[in-house]
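One structure is given below, encoded as structure tokens.
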Amino acid sequence: MNPHRLVKFLPLVLFLNSELSAQEPKDRDKEIQAKTKEIAGTAEFLRSVPKHFATLQAADPVRRRVTLLVEGDKFAKAWDLAPDAEIKVAGWWGWLDQFTVGDRVWCWFQTNRQKEPVAIMMLADELSEQDMHETVWKVADSTKETITFHPDKGADRVLKFAPPIQPPAKGERAWFQTAGEKIRRLCDAKTLEEKRDEQKAALRKRWETEGLSGTVMFLHQYSGELEFMLDHEAMRWGRSLKLGDAVTLNATPPIKGVVREMRPWRERTQLRLVVAAADQGDLRLGQRLNLKMPPPSVAVEQALLPPDIGRRKGKEERIEWFLASIYCTCLVRGNVCTGHFYTLASCNPNGCGQPAAMKKQLGKLIDQGLSDEQIFAELLKEQGLDLLKPHLLP
């Protein structure tokens, strides 16, 4: 082609290329979004998780196995707990050996691809279930042997009691743990908080001596590094770790490591550790271990805001940190919102608009020059304390 003619058409070619480059990303985004929705679905996974009350008939903490008689079933059945199952006791996290056989419990069942239950993914005592749902049970009536509780939603419960339990006054709110039709533990708001504080103290001692539960995610002997993912319950402790902190994995013999990096990952905490290459030889991907670390101060656990607040500097990094540090406060009911119980970062962004809306809101606040502390103050003022704790709406 004549070079002069090429020069003549060059502006037109550049114009068409600019138009295509302006259109292609939008079309590509729409196509990717459609394919993603086709695979990921438009509903939260938690919606399909079977959730039942049951009677705990046996518990084996060593094998992490429970026998449950699900309400409505005729026969009890033994179930393994998922390796990273959530365990809730007295409105806080707990360990399986803290449950009492005969108690009524609330459980979520992990399912296979055929939607058949195969394991327990969450086990909670009644105090924790009532606390998470913020269920309002009030005394409707009482006799020398029974108390009738009326909920804000659902049917009344008539429960037996015996000293030293005393029935509250009519109209008072209560939280209770039952065994059969008998009240085993009865709390008012003050007593519930005392029980929660006792549970926090008990778990702190366990973490100090036995370590935090987690999973080996990646091994790289050549670089002398591995990645370890702490469970949900370790959010405060794990996020208090800093570069250079010494930790120990409770393998046999124990493995010493140094923190190279810490970052939130949804409701969990991802650690990159420097570990001697030879010490990785007996480890495997997916292996469950406990990680021992210098315990943070009690003030860290009691503080309103996360201990690693303000560490992230870039805009996108700060936004992702917030999503992994706050819980969804939308008004979706029915135990179906993943972000209510885990964190907003765990929501299905292909079926829920809340993560995108929060990202947009956070972006505006960051652009205004607000610090992470100031942003938290704005969010708490607008959305309340449910922003900082696992909760559900019945």
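The values are calculated or read from the model by the stated rules, or taken from the named source; none is laboratory data. Predicted, not measured: the structure shown is a model, and the values here were computed from it. When we count neighbours, we look across all protein chains shown, and the Cβ atoms used for this are built from the backbone with ideal geometry, even at glycine. The accessibility values were calculated without ligands, DNA or RNA, using every heavy atom of the protein model including side chains. Shrake-Rupley method; radii C 1.70, N 1.55, O 1.52, S 1.80 Å.
Annotations for the structure displayed:
- Checking K153 against (1) over 30 Å from Y327 (Cβ atoms); (2) among the basic types (K, R); (3) in contact with a Pro (Cβ under 8 Å, 6 or more places away or on another chain), the condition it does not meet: (1)
- When L192, L186 are checked against the criterion of being surrounded by 13 or more Cβ atoms within 10 Å (Cβ to Cβ), at pLDDT 95 or above and part of a helix (DSSP H, G or I), L192 stands alone in meeting it.
- Residue, farthest from V300 (Cα to Cα), within the range 239-249, restricted to residues that are surrounded by 14 or more Cβ atoms within 10 Å (Cβ to Cβ) and in contact with an Asp or Glu (Cβ under 9 Å, 6 or more places away or on another chain): L249
- Filtered residue count, the range 111-131, keeping only those that are of a type outside the set (G, A, S) and either open to solvent by less than 10 Å² (accessible area, probe 1.4 Å) or touching a Phe, Trp or Tyr at 6+ places or on another chain (Cβ under 6 Å) (or both): 9
- Which listed residue is under 19 Å from the mean Cα position of the chain (by Cα) and at pLDDT 95 or above, from I319, I366: I319
- Among the numbered conditions (1) on the phi > 0 side of the Ramachandran plot; (2) modelled with pLDDT under 95, the only one that A278 does not meet is (1).
- Of the listed requirements (1) farther than 15 Å from W175 by Cα; (2) in a strand (DSSP E or B), H150 misses just one: (1).
- Scan of the range 106-134 for residues that are within 20 Å of the chain's Cα centre (by Cα) and part of a loop (DSSP other than H, G, I, E, B), ordered by number: E134
- Strands (runs of 3 or more DSSP E) lying entirely in the range 1-91 (those with 2 or more residues that are modelled with pLDDT of 95 or more and among the charged types (D, E, K, R)): 51-60, 77-89
- The set of residues from the range 56-69 being under 24 Å from the mean Cα position of the chain (by Cα) and closer than 14 Å to W106 by Cβ comprises L56, V66, L68.
- Residues located in the range 273-287, provided they are surrounded by fewer than 18 Cβ atoms within 10 Å (Cβ to Cβ) and outside any loop (DSSP other than H, G, I, E, B): V274, A277, A278
- Residue in the range 220-227 that is in contact with a strand residue (DSSP E or B) (Cβ under 9 Å, 6 or more places away or on another chain), open to solvent by less than 60 Å² (accessible area, probe 1.4 Å), closer than 30 Å to R272 by Cβ and among the acidic types (D, E) present: yes
- Pairs where the first residue, in the range 40-58, is closer than 11 Å to G334 by Cβ and the second is modelled with pLDDT under 95 and open to solvent by 50 Å² or more (accessible area, probe 1.4 Å), C-beta under 9 Å, 6+ apart: E44/V332
- You will find that of W79, W92, W108, the residue that is of a type in the set (F, W, Y), closer than 23 Å to L186 by Cα and surrounded by 18 or more Cβ atoms within 10 Å (Cβ to Cβ) is W92 and no other.
Residues are listed down the side, and each one gets a yes or a no for (1) modelled with pLDDT of 95 or more; (2) within 30 Å of D197 (Cβ to Cβ); (3) out of contact with any strand residue (DSSP E or B) (no Cβ under 9 Å at 6 or more places or on another chain); (4) assigned to a loop (DSSP other than H, G, I, E, B):
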site: V247; (1), (2), (3), (4): yes, yes, no, no
site: L289; (1), (2), (3), (4): yes, yes, no, no
site: P296; (1), (2), (3), (4): yes, yes, yes, yes
site: V300; (1), (2), (3), (4): no, yes, yes, no
site: P306; (1), (2), (3), (4): yes, yes, no, yes
site: N335; (1), (2), (3), (4): no, yes, no, yes
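- Candidates are the residues of the range 312-330 that are touching an Asp or Glu at 6+ places or on another chain (Cβ under 9 Å) and part of a loop (DSSP other than H, G, I, E, B); the one that is nearest to Q368 (Cα to Cα) is R312.
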